[in-house]
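*Asks:* Please read through the structure below; I'll follow up with questions.
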Amino acid sequence: MNSPYPSPVIGHRGACADAPENTLASLRAAARAGAQMVEVDVKLTAEGRPVLFHDDLLDRTSDGEGPVAETLLDELGALDAGSWFGPDFVGEAIPTLEEALETLIDNDLTVNLEIKPCPGREEETARAALAVAQPQWPSDRPAPLISSFSRACLSVARDQAPEWPRAMICDSLPEDWREVAAILRLTAIHLADSAASPASVAEVTKAGLAVAVYTVNDPQRATFLWAAGVAAVFSDRPAVILGAVQ
């Protein structure tokens, strides 16, 4: 089993307990925390530009309102994506994927690009994200890990970037996961913490796939999962969980 994770701890949306999620500030915070890899969410603007954002709506993590999918990039660029988190981040922008990749490269971070499409834009989002990431990512660096809940996104990734590893994200392990893993040529399964038991982890790893678990902020839980065979955990607080690595 080839693990796509350079470290047993992956910063979740950067280091989103320390800086606003999916921002350049959060990526830099993860690097300062000692993370080697971060996960970020990628979705499309109205005109099809990939940006870092998690929700379908702008409201929770910016001063904007309404669907990301109906908002132009110039309009997104005028929004404040940091003041909701704290006064130190007033004016923090929603980054384009190009800006995020540049920051990742400058900070020597490996990345898990989660394709997080708005409904109905699954294939379009995967194609657009890969069209940006493939020429920009250095060939001498570990390849990005492409993950998604969407099988359609992973199918695009398999065909468009076959050399890049892929992971399916699951709230719980689906009955057909073996067949899907074979069809999509997956490297890993990303399991919700609530679904990550020693039995489920063993089932997946015996099939030759790596397992990563989200979201783990308790060092004792992380240690338990690693002992059960989990290759990596996603954490909002990578510095805290890295402290539990032996």
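The values are calculated or read from the model by the stated rules, or taken from the named source; none is laboratory data. Every value quoted in this text rests on a predicted model; they were computed, and no experiment measured them. No Cβ is skipped: glycine too gets one built from the backbone with ideal geometry, and neighbour counts run over all protein chains shown. For the accessible areas, the whole protein counts, side chains as well, though only heavy atoms, and no ligand, DNA or RNA atoms are used. Shrake-Rupley method; radii C 1.70, N 1.55, O 1.52, S 1.80 Å.
*Asks:* Does anything in the range 54-93 have its amide N under 16 Å from the 7 Å Cα→Cβ label point of Asp106, and if so which residues?
*Replies:* What the label zone holds, given the 16 Å backbone N cut-off, is 92-93.
*Asks:* Which one of Ile189, Ile115, Ile105 has the biggest mean-square fluctuation once the chain is modelled by GNM with Cα springs under 10 Å?
*Replies:* Of Ile189, Ile115, Ile105, the most mobile in the Gaussian network model is Ile105.
*Asks:* Continuing with the same structure: Through the Karplus equation 6.51 cos²θ - 1.76 cosθ + 1.60, θ set to phi - 60°, convert the phi angles of the range 96-102 into ³J(HN,Hα) values in whole Hz; use x for Gly and Pro.
*Replies:* Karplus-based 3J(HN,Hα) across the range 96-102 equals 6, 4, 4, 5, 5, 4, 4 Hz.
*Asks:* Once you charge only the Cβ atoms, +1 for Lys and Arg and -1 for Asp and Glu, what is the size of the charge dipole of the chain about its Cα centre, to the nearest 20 debye?
*Replies:* Dipole magnitude for the chain comes out near 1040 debye.
*Asks:* Using only the Cα atoms of the range 134-186, what do you get for the radius of gyration and for Dmax, in Å?
*Replies:* 11.9, 37
*Asks:* Looking at the range 1-153, send over the antiparallel percent of its DSSP beta bridges, to the nearest 5.
*Replies:* For the range 1-153, the DSSP antiparallel bridge percentage is about 30.
*Asks:* If you don't mind, there's one more thing I want to ask. So if the hydrodynamic radius of the chain is defined as the Kirkwood radius over C-alpha pairs, what does Stokes-Einstein give as its diffusion coefficient at 10 °C and 1.306 mPa s, in µm² per second?
*Replies:* Answer, rounded: 89 µm²/s.
*Asks:* Determine the share of the chain's accessible area contributed by carbon and sulfur atoms, expressed in whole percent, with a 1.4 angstrom probe.
*Replies:* Roughly 49 percent, rounded to a whole number.
*Asks:* Here's something else I'd like to know. Accessible area per residue, 1.4 Å probe, Å², for the range 43-138: what's the number?
*Replies:* 44
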